[in-house]
Structure formats: C-alpha cells, structure tokens
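The values are calculated or read from the model by the stated rules, or taken from the named source; none is laboratory data. Just so you know, these numbers come straight off a predicted model, no measurement behind them. Note that each Cβ is placed from the backbone with ideal geometry, even for glycine, and that neighbours are counted across all protein chains shown.
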Amino acid sequence: MSLALLTYFRVLSTYGTAAIAAYAIGVRLLSFSWVPGLGFAAAASTIVGQSLGAGDSEQARLAGRRAVGQAVLVMCVLGSIFFFLRSPLAHAFTSDDRVAENLMPFMMMLAISQPFMGAHFTLGGVLRGAGDTLTPLFGAAVGNWGFRVPLAWLFSRTLGAGLIWVWAALIADHFARMLVNGAVFVRGRWSLRTGASIGGRR
C-alpha cells in the first residue's frame, strides 16, 4: 500500500509541487470526515465478533447492515459539507493561490468518495470481526493497484489529462474497495463462522 501511495505521488509530481501540497492539506482536512467511518468499523467489528461468538448469525448480519447504513449516512452529510465549503476551507488553510486552485477539486473528489469510503471502512470492520482479514486487504490492493495507480498513470502519462482526472482516480479506488468488501458481505459466508470457528480457517 505504501508503494502504491508513492507511485501515486510520483504521478502527482508531474503536475508540480502545488499538487503535492494540495494532496497533503486535503487529506488532513478530510480526515475529520473519516473518523465516523473508522468508528463504525471498530464498533461493527466488536459487535459482529461478539454475536458470532455467541452463535447468533442473524444478529451479526443485522449489526453489519445497520452499521454500514449509518456510516454511509453520516459520511454523506460530512462529505456534503466539505463539498459545498471547499472554497472557503481551501483558502483558510493555504495562502498560496496555486495550492488552493488544486485543493478545491481534490476536496470535491474526496467528498464524492465519502459514501464509498464509509461503506468499505465499515464492511471491512464487519469482516474483520468475523475473522476475515484477507478480504479488506484484497479490496485495498484492488482499489490501489487495479484502479487508483493505473488510472492516474493513464490520465497523466497517456492521455495528458488535467489534474482533476488524477484526483478522480481516488473515487474509483474507494468504489472498488466497497464492491470487493460488499460482495463478500452480501454472500454471507462470513456470518456462518460462529463460535470457535471464528478463529479457524474458512
């Protein structure tokens, strides 16, 4: 994952230092909106683990569905705030007009990604609560190496597209992670690993 981030930075560097600075500021700003998603993921992991440990698969599935729904709702609200206030926020955190110019579209793309992030964060927590740590890892690998890095490289190096398209690759990354975790969640095999089987193999 670190290598994927470094590669993405390498692509961003072709657009100048302002793009790198915008990324650093934007990630720190938007990290406030990720906190609920991480919190729902931790809570879902605990409740699902307890439910499966008690042999209650239905309660585990219900907790998972509720956690995902609530996380997506909260992060949509926060994403909307960052979306509509991206201009004043950008200028509040940098006095460099070039950085602010790059920061605003980046914040817009991250704001659009919020529901997908909320979903895959929480779905990953549900699966980890059931003892499945490989699916979230696989989803992150697919998102980064299957979408974010190659799309950013394609837009930048092959198509010569603007920076906003490199930012847009983030949406594909988080959407792919949501699909991978969501597919395993919907399939439901994770909820059958009750009691002592949680600690064993699938």
Restricting the first residue to the range 2-31 and requiring it to be outside any helix (DSSP H, G or I), which pairs with a second residue that is surrounded by 14 or more Cβ atoms within 10 Å (Cβ to Cβ) and at pLDDT 90 or above meet a Cβ separation below 6 Å and a spacing of at least six or different chains?
THR14/SER156; TYR15/LEU163
Determine, yes or no, whether THR133 is of a type in the set (Ser, Thr, Tyr) and within 29 Å of GLN59 (Cα to Cα).
yes
How many of the residues in the range 154-169 are in contact with a helix residue (DSSP H, G or I) (Cβ under 6 Å, 6 or more places away or on another chain), part of a helix (DSSP H, G or I) and surrounded by fewer than 17 Cβ atoms within 10 Å (Cβ to Cβ)?
1
Can you report the number of residues in the range 90-107 which are of a type outside the set (Val, Ile, Thr) and touching a helix residue (DSSP H, G or I) at 6+ places or on another chain (Cβ under 6 Å)?
11
I'm trying to understand the selection: among the residues of the range 41-66, which are under 9 Å from VAL126 (Cβ atoms) and touching a Leu at 6+ places or on another chain (Cβ under 7 Å)?
ALA60
Exactly one of LEU85, LEU78, LEU30 is within 27 Å of THR133 (Cα to Cα) and not β-branched (Val, Ile, Thr), and that residue is LEU30
Filter result for VAL99 (touching a residue at least 60 places away in the same chain (Cβ under 8 Å) and farther than 22 Å from PRO36 by Cβ):
yes
For the range 109-138, pairs from a residue that is under 18 Å from ARG189 (Cβ atoms) and free of Cβ contacts under 8 Å to residues at least 24 places away in the same chain to a residue that is of a type in the set (Phe, Trp, Tyr) and assigned to a helix (DSSP H, G or I), with Cβ under 6 Å and 6 or more apart or across chains, are none
Inspect the range 129-139 for any residue being part of a helix (DSSP H, G or I), more than 30 Å from GLU101 (Cβ to Cβ) and of a type in the set (D, E, K, R) and give the result as yes or no.
no
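Every residue, every condition in (1) on the phi > 0 side of the Ramachandran plot; (2) under 21 Å from the mean Cα position of the chain (by Cα); (3) free of Cβ contacts under 8 Å to residues at least 24 places away in the same chain, yes or no:
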residue: SER33; (1), (2), (3): no, yes, no
residue: ALA42; (1), (2), (3): no, yes, no
residue: ILE47; (1), (2), (3): no, no, no
residue: SER51; (1), (2), (3): no, no, yes
residue: GLN70; (1), (2), (3): no, yes, no
residue: MET75; (1), (2), (3): no, yes, no
residue: HIS91; (1), (2), (3): no, no, yes
residue: LEU103; (1), (2), (3): no, yes, no
For the range 100-116, does any single residue satisfy the condition of being assigned to a helix (DSSP H, G or I), touching a Cys at 6+ places or on another chain (Cβ under 9 Å) and modelled with pLDDT of 90 or more?
yes
Determine whether the range 6-25 contains at least one residue that is out of contact with any helix residue (DSSP H, G or I) (no Cβ under 9 Å at 6 or more places or on another chain), at negative phi, of a type in the set (Gly, Ala, Ser) and loosely packed, with under 15 Cβ neighbours inside 10 Å.
yes
Residues in the range 77-86: is at least one part of a helix (DSSP H, G or I), among the basic types (Lys, Arg), out of contact with any His (no Cβ under 7 Å at 6 or more places or on another chain) and loosely packed, with under 15 Cβ neighbours inside 10 Å?
no
